[in-house]
Amino acid sequence: MKCRATPASSRLSVSPSISGLVSARVSRSIKIFVVGALLAGASLATSAATITSSSGFVNSSITTQTGTFTATFDASPSISPSNDILSFSSGAQTAFTGMAASVRFNTTGTIDARNGGAYAAASSIPFSAGKTYHFRMVINVANHTYSAFVTPAGGSELTVASNYAFRTEQAGITSINNFDADVDATPGGSLTYTTPTISGGSSSSSSSSSSVSSSSSSLSSISSSSSSISGGTTINSSNGFVNSAVANQTGNFTASFDASASVSPSNATLGFSSGAQTAYTGVAATVRFNTTGTIDARNAGAYAAVTSVPFSANTTYHFRMVINVAAKTYSAYVTAPGGSEQTLAMNYGFRTEVAGISNINNFNADVNATPGGSLTYTQPVISGSTSSSSSSSSSSVSSSSSSSTSSSSSSSSSKSSSSSSSSSGGLNPNAPPGSNFNLSGFTLQLPTGSSGNIDTVTGAQLAAGFTKSPYFYTDTGDGAMVMADPATGWTTSGSLHPRVELREDAIWATSGTNVMTNTVAVTKVPSHTTIGQIFQGTGPSKPLCELEVTSSGVVQLLLESTNQGGSSTMNTIASAALGTKFTYSMQLSGTTITIKVGSTTKTFTMDSSFNGESFYFKAGDYDQSAVSGTPATTASTIVKFYALSISH
């Protein structure tokens, strides 16, 4: 890292290439500008500037922001890997420590963002030299947090940061009025970028004090009318369900459209389905102007919302839905006129009645007679369309007692305990977990089935593409393997808590070195959940230790004092804020237990009552506040896995 002043004589070279700016008018009142730079291999428009390490920190002033605002810009590194940073700050900066909210093309060849005291990423997003990436940052100055998103050339938007904290040194600032860019001398290269466009804040325009053009025409923008939609389709309750065909989708795609309800509260829905529908039960992914005067979305068996978004009558709202047909999940976002995009749904499950569909080819709209009114909307624009070859959850899940016994007995079978591994490199958000991770050596335990006789899924079924929304699926944004535990669900005979957890099929003695290393992010937890265990393969079937994450971000180890269970100590290991990706390892060699979280390593001695026993690893989401009962269809705790490996 370096700290240097910007040379007064530094000059910025303007890229001579002009990207193809394409404008299209949708429904006559909405104009969408599509950046030609987002096409593969295209360069940025002439409003962009190119800097190198000799340019130092390049600062551009923006209108002072004190609340929540959105900034969009494009950037292209000349080499990969690189060390290029784009950031927002309070005042012009000459050092990294002054940057509050930063995105980076980093030295690992991926894109990340600053979260408090370190860089991290919600998604593993590789970047290529000479390609253009579109960034969107939603910054909350008052809360000192921000989220960041990036759209690769020709791709769909991916999440880089979700509610990350401002850089530690800037945690107390009260305003942002500057945009920074820097190229580190190691490994060098250059960075070409556009001046950010600011929206939803105290001002919708941006200015530049450097020689970088402040033109915003090269960036994507959507201007929504605050009145009814001209040229859109208007329906009322007498129309029933209105269906429109869309191109057949079997993988991951994004749909964008605008809608306006004539009354508030209302009861008007817009959704996607397999085939034309005449009832709500046939619509898989739905957003709704509802009877409480807010906007929500369907999550499996009920409507819900991540954010409470009120709506006004005759006001146009822009919707964006990211739908993963293979995983049977979707996320939904809404932008009010002049506002920032807000999250309605995050990895919600398809409606329960149609959780098994394998394609989407229809768009539905409906207005309920109570309270009536009308709905005006535009036809959806589909992007990121892909046909997935991944198999869906067509594999049968055994809930019989015999399968549970088989799963248990497999731990004592003759399977080799010399090595078992599964890992993730680049994660495909369109593929099931078994395609991104080698899960053939595991058994998945679910909160469904019956009390004491839970559903289990074999390694072969996992490898064949098993998913089960809303408990086990692939995140449509970053490809993570998601394990979501409900507040109530069926439990194993020896537990009080339901779980979504992988158990290693092989068992092993402590004479060797046995290590499990995983990269995870706990994004939701009401109290504390277990993300990893070393468990008895022989003996009284109790854990040796459990690694937990609490709602306050404490990573702690529960260590049993006897192989009979019921007597344990709790040991604080490290901290990891919710939503932050971190790597942990659990190792047992002889009688020594080694736990590593990030850069923190702590060792413990196994109690002698465990001597001579064999063990296996477990990894997943085992919520310690969840209770036995009919399985809920919404997640109480969510753990996302980005890497999973075991070695013996």
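The values are calculated or read from the model by the stated rules, or taken from the named source; none is laboratory data. Please read all numbers here as calculations on a predicted model, not as lab measurements. All Cβ positions, even for glycine, are placed from backbone atoms using ideal geometry, and neighbour counts span all protein chains on display. The protein model used for the area step is the full one, side chains on, heavy atoms only, and it has no ligands, DNA or RNA in it. Shrake-Rupley method; radii C 1.70, N 1.55, O 1.52, S 1.80 Å.
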Practice item. Mind counting the residues in the stretch 330-354 that are crowded, with 19+ Cβ neighbours inside 10 Å and more than 25 Å from Thr70 (Cβ to Cβ)? Key: 3
Study note, to complete from the structure: Within the stretch 352-384, the count of residues that are assigned to a strand (DSSP E or B) and within 18 Å of Thr254 (Cβ to Cβ) comes to 9
**Study point:** Selection within the stretch 97-107 - more than 20 Å from Thr194 (Cα to Cα) and touching a strand residue (DSSP E or B) at 6+ places or on another chain (Cβ under 9 Å)
**Key:** Thr97, Gly98
Revision key, fill the gap. The number of residues in the stretch 525-538 that are in contact with a Leu (Cβ under 8 Å, 6 or more places away or on another chain) and either polar (S, T, N, Q) or open to solvent by 20 Å² or more (accessible area, probe 1.4 Å) (or both) is 4
Practice item. Any residue in the stretch 321-333 that's touching a residue at least 12 places away in the same chain (Cβ under 8 Å): show its pairings with residues that are open to solvent by 10 Å² or more (accessible area, probe 1.4 Å) and basic (Lys, Arg) at Cβ separation under 9 Å, as long as the two are six or more apart or on different chains. Key: Lys328/Lys468; Ser331/Arg320; Ala332/Arg320; Tyr333/Arg320
Revision key, fill the gap. Of those in the stretch 146-169 that are more than 20 Å from Asp475 (Cα to Cα) and at pLDDT 90 or above, the residue surrounded by the fewest Cβ atoms within 10 Å (Cβ to Cβ) is Thr168
Check your understanding: Given the structure, is Ile507 under 15 Å from Ala619 (Cα atoms) and in contact with a Ser or Thr (Cβ under 7 Å, 6 or more places away or on another chain)?
Key -> yes
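Is it the case that some residue within the stretch 73-91 is at pLDDT below 90 and small (Gly, Ala, Ser)?
The answer is no; no qualifying residue exists.
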Practice item. Within the stretch 355-386, track down each residue that is open to solvent by less than 20 Å² (accessible area, probe 1.4 Å) and either farther than 19 Å from Ile295 by Cβ or in contact with a Pro (Cβ under 6 Å, 6 or more places away or on another chain) (or both). Key: Ile360, Asn362, Phe363
Practice item. Tell me, please, whether a residue that is modelled with pLDDT of 90 or more, of a type in the set (Ser, Thr, Tyr), within 29 Å of the chain's Cα centre (by Cα) and open to solvent by less than 50 Å² (accessible area, probe 1.4 Å) can be found in the stretch 206-228. Key: no
Practice item. Pull up the stretch 271-312, narrow it to residues that are over 22 Å from Asn239 (Cβ atoms) and not in a strand (DSSP E or B), then point me to the one that is most open to solvent (accessible area, probe 1.4 Å). Key: Thr292
Review point. How many of the residues making up the stretch 544-566 are of a type outside the set (S, T, N, Q), open to solvent by 50 Å² or more (accessible area, probe 1.4 Å) and under 30 Å from Ser162 (Cβ atoms)?
Key: 0
**Study point:** Residue in the stretch 116-127 that is closer than 28 Å to Ser256 by Cα and open to solvent by 30 Å² or more (accessible area, probe 1.4 Å) present
**Key:** yes
Check your understanding: What are the pairs, 6+ residues apart or on separate chains, where a residue within the stretch 448-469 that is over 19 Å from Val627 (Cα atoms) and among the charged types (D, E, K, R) has its Cβ under 9 Å from a residue that is at pLDDT below 90 and crowded, with 22+ Cβ neighbours inside 10 Å?
Key -> Lys468/Ser393
Review point. Looking at this structure, is Ser404 open to solvent by less than 60 Å² (accessible area, probe 1.4 Å), closer than 30 Å to Thr108 by Cα, modelled with pLDDT under 85 and in contact with a strand residue (DSSP E or B) (Cβ under 7 Å, 6 or more places away or on another chain)?
Key: no
Revision key, fill the gap. Of the residues in the stretch 587-598 that are of a type in the set (Val, Ile, Thr) and open to solvent by less than 40 Å² (accessible area, probe 1.4 Å), the one that is nearest to the chain's Cα centre (by Cα) is Val597
Study note, to complete from the structure: The condition of being closer than 16 Å to Leu444 by Cβ and open to solvent by less than 10 Å² (accessible area, probe 1.4 Å) holds, among Pro470, Pro486, only for Pro486
Review point. Mind checking whether some residue in the stretch 78-93 is charged (D, E, K, R), surrounded by fewer than 23 Cβ atoms within 10 Å (Cβ to Cβ) and in contact (Cβ under 8 Å) with a residue 24 or more places away in the chain?
Key: no
Practice item. Test each condition in (1) open to solvent by 10 Å² or more (accessible area, probe 1.4 Å); (2) modelled with pLDDT of 95 or more for Val522 and report the one that comes out false. Key: (1)
Study note, to complete from the structure: Among strands (runs of 3 or more DSSP E) completely within the stretch 89-161, the ones holding 2 or more residues that are charged (D, E, K, R) are 110-115
Exercise for review: Exactly one condition in (1) among the aromatic types (Phe, Trp, Tyr); (2) open to solvent by less than 10 Å² (accessible area, probe 1.4 Å); (3) farther than 27 Å from Tyr471 by Cβ is not met by Phe241; state its number.
Suggested key: (2)
**Study point:** Every residue from the stretch 599-630 that is assigned to a loop (DSSP other than H, G, I, E, B) and either among the aliphatic types (A, V, I, L, M) or open to solvent by 30 Å² or more (accessible area, probe 1.4 Å) (or both)
**Key:** Ser599, Met606, Asp607, Asn611, Gly612, Gln624, Ser625, Ala626, Thr630
Point to revise | Leading residue by the ranking (modelled with the lowest pLDDT) among those in the stretch 42-66 that are under 28 Å from the mean Cα position of the chain (by Cα) and open to solvent by less than 30 Å² (accessible area, probe 1.4 Å) | key: Ala42
**Study point:** Candidate set from the stretch 631-648 (those that are open to solvent by 40 Å² or more (accessible area, probe 1.4 Å) and assigned to a loop (DSSP other than H, G, I, E, B)); member that is nearest to Ala480 (Cα to Cα)
**Key:** Thr634
Exercise for review: Answer with yes or no whether Ser541 is open to solvent by 50 Å² or more (accessible area, probe 1.4 Å), in contact with a Gly (Cβ under 9 Å, 6 or more places away or on another chain), closer than 19 Å to Phe442 by Cβ and among the polar types (S, T, N, Q).
Suggested key: yes
Practice item. Please determine, by comparing only the residues of the stretch 184-203 that are closer than 23 Å to Ser54 by Cβ and either of a type in the set (Ser, Thr, Tyr) or in contact with a Lys or Arg (Cβ under 8 Å, 6 or more places away or on another chain) (or both), which one is modelled with the lowest pLDDT. Key: Thr195
